[in-house]
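Everything below concerns the one structure shown next.
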């Protein structure tokens, strides 16, 4: 299973349910990598999507305790249900938010990280993969987006 996330210099990923800084290159990469895949997302994160609706051109699996049905998505209530629901899927991405990332973290073997060289106020964080011995950055592409130094990084779990 894979994940995709944008992080700031302190590995913050959001504040009050949304991303404080969004860069267009990250949005394009997200769309390119996840199109046609199954995505696992929390309800609150889905509500931050355009129109608050599931993403087009993807199978949306929403982990929530607050709904039994969401139009355009499959609803599950536990991590175990999410894993069971995706066992026969091709490519599966965990796409947030922080609670879902942490709940699914042990299932991940590859994580696509967009690092944004800024440190806005965040109240949600992703684990600092650079400080974890069982994760290694295997690819990095640096670029500038507006005023921000950024990089696309691919991390792999090391056995």
Margin query: Can you tell me which residue is nearest to the chain's Cα centre (by Cα) among those in the stretch 11-20 that are more than 16 Å from residue 50 (Cα to Cα) and buried (at least 18 other Cβ atoms within 10 Å of the Cβ)?
Written below: 13
Margin query: Take residue 25 and tell me if it is loosely packed, with under 13 Cβ neighbours inside 10 Å and out of contact with any helix residue (DSSP H, G or I) (no Cβ under 9 Å at 6 or more places or on another chain).
Written below: no
Margin query: Among the numbered criteria (1) under 29 Å from residue 117 (Cβ atoms); (2) modelled with pLDDT under 95; (3) assigned to a helix (DSSP H, G or I), which one does residue 30 miss?
Written below: (2)
Next item on the list: Need at least 2 residues that are under 13 Å from the mean Cα position of the chain (by Cα), at pLDDT 95 or above and more than 20 Å from residue 24 (Cα to Cα) per element, so show me which helices (runs of 4 or more DSSP H) inside the stretch 43-123 make the cut, counting only ones lying wholly within it.
Entry: 98-104
Notebook entry, point to check: Using beta carbons and a limit of 7 Å, which pairs, at least six apart or on different chains, have the first residue in the stretch 79-99 and within 15 Å of residue 109 (Cβ to Cβ) and the second one at pLDDT 95 or above and in a helix (DSSP H, G or I)?
Noted result: 83/107; 92/86; 93/34; 94/100; 94/101; 94/104
Next item on the list: Identify, from the list 97, 90, the residue that is loosely packed, with under 14 Cβ neighbours inside 10 Å and under 26 Å from residue 135 (Cβ atoms).
Entry: 90
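The values are calculated or read from the model by the stated rules, or taken from the named source; none is laboratory data. Small disclaimer: the values here were computed from a predicted structure and weren't measured. Note that we place each Cβ from the backbone using ideal geometry, even for glycine, and neighbour counts take in every protein chain shown.
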